[in-house]
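Worksheet for the structure shown next.
All of the numbers you see were taken from the coordinates with simple rules; none came from a lab. What you see is a predicted model, and the numbers here were worked out from it, not measured in a lab. All Cβ positions, glycine included, derive from the backbone under ideal geometry; neighbour counts span all protein chains shown.
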Amino acid sequence: MTEDFNSTPHKRLNILTGEWVLVSPHRTKRPWQGKKESAATKDKMKHDPTRYLCATNTRINGDINPDYKDTYVFQNDFGALLTNSVPFTYKEGLLKAESETGICKVICFSPVHSETLPDMEISAIEKVITVWQKEYQDLSTKSDINHVQIFENKGAIMGCSNPHPHGQIWAQKSIPNEVIKKTEKQKAYFELHTKSLLTDYIEQELKLQERVIFENETFVSLVPFWAVWPYEVMILPKKQKQHIGLLSDHEKRDYAEHIKIVTQKYDLLFDTSFPYSAGIHQSPTDKEYPEWHFHMSFYPPLLRSATVKKFMVGYEMFGMPQRDITAEMAAKKLRIL
Ligand SMILES: [Zn+2]
């Protein structure tokens with residue numbers, strides 16, 4: 001590693017999107033006098049009769065949740081996408097719009113109201129992955145679904161409206177912006193090198209051991225070189241897999257172990273139920289994408305304690321993302337927890 005990384009402002013390239021992030025390590029000693037959030041308090045309840053995701057409760061639309069024992073999936077009662085939108089296209093001079101269709105689903109990870117991913121057994125997390133696989137595959141067979149986005153918003157600070165541990169799936173007709181960028185970069189690399197971009201990236205990271213947090217036989221967790229969020233983490237399979245549907249049982253177990261360990265480290269970092277947005281980027285479903293290498297990214301907002309978060313404002317809105325602590329410093333902190 002070059003010493004410049006620790007002392008000199010520099011920019012780093014995100015090889016998946018082609019975008020840059022500004023890194024300002026000299027600012028890490030700056031005192032903080034800004035806004036403090038209240039620390040997340042954890043629900044201790046096993047079942048909350050007033051919350052609509054708990055088993056046997058009635059949801060707002062009148063449906064009653066079954067007495068589920070591990071995971072439970074249902075169509076979002078207030079989805080951002082609808083399957084039966086009236087199709088239209090609009091073009092008027094420079095103004096352009098198109099109708100969009102899709103399906104939004106909710107996945108309860110566990111019947112236990114207070115059990116977040118780090119609290120769950122690895123075997124229970126495996127069941128969540130099995131649901132993700134099934135949903136990805138089922139939704140991909142639908143002719144009007146070309147992309148399946150699996151994600152979790154955790155914590156009130158992230159705008160999560162319900163404390164019951166759950167994730168979401170938004171499956172839709174068009175391919176979203178982030179996925180288009182990552183497809184282009186991976187395709188260009190694959191055509192030139194006949195292997196995936198992330199295969200070579202992992203090989204380099206494993207050799208350097210500067211940003212790796214945890215490794216087992218088939219998966220790696222690391223802070224990507226181009227991380228934007230202070231404690232951003234990427235979990236990815238060592239061997240190229242275009243999507244989660246291709247994981248063997250053994251790989252699924254290894255993946256579940258990474259989710260458990262990364263989220264446990266997060267909770268330990270600032271001694272709080274650590275908020276984040278996590279999502280899986282994988283191949284779209286309209287055709288084959290030999291270049292894709294699936295990965296799960298965690299974007300947590302906390303910066304230096306349970307109450308101080310990073311803001312993406314000012315220069316970051318108008319210029320590019322910026323961070324103070326380097327990816328290496330963040331990885332070191334997470335690795336030793
Ligand atoms: Zn609940």
Tell me what the chain gives for mean residue ellipticity at 222 nm when only DSSP H runs of n ≥ 4 count, each as -39,500 (n - 2.57), the sum divided by the residue total, rounded to 500 deg cm²/dmol. -8000 deg cm²/dmol
Pair LEU95, ALA80: separation of 7 Å Cα→Cβ label points (nm): 2.3
Within straight-line cross-link reach of LYS195, aspartates and glutamates at Cα separation under 14 Å, skipping those fewer than 8 residues along the same chain: GLU203, GLU291
Could you give the nm distance between label points at ALA156 and SER143, where each point is 7 Å from its Cα heading toward the beta carbon? 4.7
Length gained if ILE336 through ARG304 is fully extended, taking 0.36 nm per residue and subtracting the Cα-Cα distance, is 9.9 nm
FRET E, pair LYS42, GLU316, Förster distance 25 Å, beta-carbon r, rounded to 0.05: 0.25
Give a quick list of trypsin sites (Lys or Arg not before Pro) in region 237-299 that DSSP marks as loop, anything other than H, G, I, E or B, with at most 15 other Cβ atoms within 10 Å. LYS239, LYS287
Could you give the length gained on full extension between ILE64 and GLN204, defined as 0.36 nm per residue of separation minus the Cα-Cα distance, in nm? 45.4 nm
Measure up LYS35/LYS69; LYS185/LYS310; LYS46/LYS181; LYS69/LYS185 against 31 Å on the Cα-Cα distance and list the ones that go over. LYS35/LYS69; LYS46/LYS181; LYS69/LYS185
Just from the alpha-carbon atoms, what are the Rg and Dmax of region 192-287 in angstroms? 14.1, 45
How about LYS42: which lysines have a C-alpha closer than 21 Å to its C-alpha, ignoring those fewer than 8 places off in the same chain? LYS154, LYS260, LYS265, LYS309
Pop a pseudo-label 7 angstrom from the Cα along the beta-carbon direction at both THR8 and LEU268 and give the gap in nm to one decimal. 3.5
Where does the chain land on Rg(C-alpha)/(2.2 N^0.38 Å)? 1.02
Per the Kirkwood definition applied to all pairs of different Cα atoms, how many angstroms is the hydrodynamic radius of region 81-167? 15.6
Loop only per DSSP, at most 16 neighbouring Cβ atoms within 10 Å: give me the chymotrypsin sites (Phe, Trp or Tyr not before Pro) in region 75-169, ordered by residue number. PHE78, PHE88
Using only Cα atoms, locate the centre of region 296-324 and the centre of region 202-257, then give the distance between them in Å, rounded to an integer. 22
